[in-house]
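Each remark here refers to the structure printed beneath this line.
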């Protein structure tokens with residue numbers, strides 16, 4: 001369960017995030033939808049506590065993420081934007097490194113790594129160095145190490161960006177599975193179809209503000225647009241510009 | 001977060017960084033190169049000095065017209081290390097072609113003039129622009145002058161005159177730059193090479209795990225793990241310090257084995273690095289490795305890119321070289337204040353240890369504490385940098 005109340009972030013004179021508030025519930029996939037540069041990544045970075053909001057509150061399962069970032073991080077599994085891997089470590093070593101940092105060790109860690117490798121169907125690549133991995137394979141490794149400590153909340157920053165069709169389907173399948181396990185899944189995207197295909201709840205962000213929040217149906221009603229893409233364009237105030 | 005947990009996490013980060021860098025072939029080779037270059041260079045230079053010394057002592061003198069001066073030839077052959085051989089037909093050409101260092105020419109009228117006690121003319125053909133031939137030509141000149149003086153004295157004695165009267169000056173040459181001293185000067189570079197090995201040995205991990213980690217984009221996911229920033233920085237710092245320390249030990253071991261391959265005893269040089277020195281070397285260099293690794297990590301973290309970090313490392317490496325080169329050329333006496341200067345303190349300690357002098361426990365403690373405190377401060381600064389969003393996201 002994630003609760004965000006009025007967070008704001010400025011870089012110099014640029015306001016990247018300007019009062020964003022929303023809730024993401026357990027057993028639900030919440031989509032953070034917005035055009036490029038809307039403030040999605042900055043919002044997520046504040047949620048997983050590598051950036052501090054200038055003001056506002058972030059609560060992860062009743063933990064104040066601004067005051068106790070590390071405690072919040074133990075409850076979060078994160079796939080950041082551009083998931084950097086270590087090219088000289090194997091997929092399994094990535095999972096184990098992050099698992100150990102979360103305090104898991106021994107047979108418990110081996111067991112967990114095995115489970116994740118099974119779940120993400122990466123048995124063949126598990127003991128190869130990630131240096132030559134394809135984009136899809138790298139995504140799997142980054143996902144696996146994000147989930148190693150069995151987090152209640154999962155944050156995914158544009159997880160399907162640049163993936164081919166099969167890998168995208170695989171990621172969607174995993175996201176649904178995480179929801180069905182009762183987790184709170186929050187994922188960002190600028191792709192309409194992605195969000196409408198997956199999400200139970202959508203938060204639309206434009207220019208650092210939440211412009212709408214609701215189920216896909218609610219958003220259609222709210223804007224009077226049958227098509228979710230038209231609804232998005234209307235909400236994001238993009239009609240003045242070119243087609244996204 | 002308890003201290004125990006933080007320590008465990010530091011160990012986890014350290015282990016990962018060591019494992020990662022051991023798999024980096026190119027970096028590994030550069031470390032191996034840095035560890036061996038010093039001992040190899042020293043060995044090479046020492047061998048040159050020894051060979052030169054050897055050359056000058058054992059001199060082969062080509063003489064044209066040996067039959068014209070049989071007594072002189074016999075006298076020369078009796079001198080230690082001298083061997084007279086028949087000279088080439090064209091002496092000047094042989095010198096120009098560098099097939100000979102020196103050629104002595106005895107003219108046909110040598111014997112006649114000699115018997116008449118007139119100055120018997122001799123020619124030596126040399127190329128004075130050749131430095132490598134100089135020891136040989138000098139030796140030949142001295143031998144001929146010596147022969148001339150001996151014969152002169154004998155002639156005076158037969159005429160009832162004391163030879164002392166015709167020698168108003170008695171010039172004695174004191175050669176300062178003996179081969180032994182030159183060799184000792186080369187050995188003075190050993191402390192510098194040991195310190196440099198520590199510096200270069202830690203460089204790879206210090207830059208790759210900070211600036212490199214950020215450039216690969218793996219820093220952000222790493223920082224999502226629940227650990228304090230000083231935990232990540234400490235793990236990386238200690239990994240770099242460990243690599244530095246291993247490099248120092250390997251270089252020291254190679255230097256310690258140098259005497260096996262060098263004719264040091266022939267040159268009457270006492271040089272030894274043995275087990276009894278090991279404690280002193282570790283005491284001098286161990287804290288320094290902590291300091292250099294912390295300095296490198298801090299500087300690399302400040303750099304905007306991996307490339308920039310490497311450029312800074314190239315500048316930083318000049319610092320350990322300054323006391324090293326100065327010390328090798330103008331041996332510096334140890335003053336108490338030197339132990340309070342990072343880099344300089346360990347260098348002075350090391351020269352003392354290798355020179356067989358005990359700098360005293362206080363010197364170790366002072367130098368060690370200074371290095372350690374400076375290292376901790378730098379790690380704290382780096383941890384602060386790791387908390388700065390500007391640094392983490394390099395914008």
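Any read-out appearing in this document is the output of simple, stated calculations on the displayed coordinates, not a laboratory observation. Computed from a predicted structure; not experimentally measured. Note that each Cβ is placed from the backbone with ideal geometry, even for glycine, and that neighbours are counted across all protein chains shown.
Numbers below:
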{"item": "Relative contact order, percent, segment B:233-332 [alpha-carbon distance under 8 Å, six or more residues apart]", "result": "29 percent"}
{"item": "Cα long-axis angle, helix A:91-101 against chain A (0 to 90 degrees, to the nearest 10)", "result": "80 degrees"}
{"item": "Segment B:58-173: radius of gyration and largest Cα-Cα distance (Dmax), Å", "result": "15.3, 48"}
{"item": "Of every Cα-Cα pair in segment B:142-242, the percent that sits beyond 25 Å", "result": "61 percent"}
{"item": "Whole-number D in µm² s⁻¹ for segment A:1-50, Kirkwood Cα-pair radius fed into Stokes-Einstein, 20 °C, 1.002 mPa s", "result": "184 µm²/s"}
{"item": "Inverse of mean 1/r across different Cα pairs in segment B:18-75, Kirkwood, Å", "result": "16.2 Å"}
{"item": "18 Å tail of the calculated P(r), segment B:319-392, as % of Cα pairs", "result": "48 percent"}
{"item": "Volume of the Cα convex hull of segment B:214-311, divided per residue and given in Å³", "result": "141 Å³"}
{"item": "Mean Cβ count within 10 Å, highest first, over the residues of peptides A:27-40, B:150-163, A:48-61", "result": "A:27-40, A:48-61, B:150-163"}
{"item": "Simple spin-label estimate for residue B:44 and residue A:25 in nanometres, 7 Å along Cα-Cβ", "result": "7.5 nm"}
{"item": "Proportion of all alpha-carbon pairs of the protein assembly as shown beyond 45 Å (%)", "result": "45 percent"}
{"item": "Convex hull volume per residue in cubic angstrom - Cα atoms of segment B:76-144", "result": "105 Å³"}
{"item": "Compactness index (Cα Rg / 2.2 N^0.38 Å), segment A:167-209", "result": "1.23"}
{"item": "Taking chain A and dividing mean pair separation by its residue count, relative contact order in percent (alpha carbons under 8 Å, at least six apart)", "result": "28 percent"}
{"item": "For segment A:56-120, Kirkwood radius (reciprocal of mean inverse C-alpha pair distance, Å)", "result": "13.6 Å"}
{"item": "Those residues of segment B:85-110 whose amide nitrogen sits under 19 Å from the label point placed on residue B:128, 7 Å along Cα→Cβ", "result": "B:92-93, B:95-98, B:101-105"}
{"item": "Difference of contour (0.36 nm per residue) and Cα-Cα distance, residue B:11 to residue B:155", "result": "43.1 nm"}
{"item": "Shielding by partners - mean other protein chain Cβ count within 10 Å, residues of B:17-24", "result": "3"}
{"item": "Nearest-0.05 FRET efficiency for residue B:144 and residue B:276, computed from C-beta distance (R0 45 Å)", "result": "0.35"}
{"item": "Kirkwood-Stokes translational diffusion coefficient of segment B:318-359, alpha-carbon pairs, 4 °C, 1.567 mPa s, µm²/s", "result": "126 µm²/s"}
{"item": "As computed over segment A:9-123, the Cα convex hull volume per residue (Å³)", "result": "154 Å³"}
{"item": "Three-way shape call for segment A:91-140 based on the alpha-carbon gyration tensor, with the a/c threshold at 1.5", "result": "prolate"}
{"item": "Contact order normalised by residue count of chain B, Cα under 8 Å, 6+ apart, percent", "result": "20 percent"}
{"item": "Descending principal axes extents, chain A, alpha-carbon based, whole Å", "result": "53, 40, 34"}
{"item": "Along principal axes, Cα extents of chain B, largest first, whole Å", "result": "105, 45, 32"}
{"item": "Computed Kirkwood radius, in angstrom, where 1/r is averaged over Cα pairs of segment B:232-383", "result": "16.6 Å"}
{"item": "With Cα atoms, 0 to 90° folded angle of helix A:165-180 axis to chain A main axis", "result": "90 degrees"}
{"item": "Two-decimal Rg/Rh across segment A:21-73, once Rg and the Kirkwood Rh are taken from alpha-carbon atoms", "result": "0.96"}
{"item": "Residues listed by number, segment A:165-187, amide nitrogen under 12 Å from residue A:200 label point at 7 Å toward C-beta", "result": "A:176-186"}
{"item": "Cα-based helix-to-principal-axis angle, B:134-158 vs chain B, degrees rounded to 10", "result": "30 degrees"}
{"item": "Virtual spin-label span in nm between residue B:97 and residue A:217, 7 Å along Cα→Cβ", "result": "10.6 nm"}
{"item": "Segment B:58-173 - share of DSSP beta bridges that are antiparallel (%, nearest 5)", "result": "30 percent"}
{"item": "Estimated FRET transfer efficiency when R0 is 35 angstrom, pair residue A:128-residue B:336 (beta carbons, to 0.05)", "result": "0.05"}
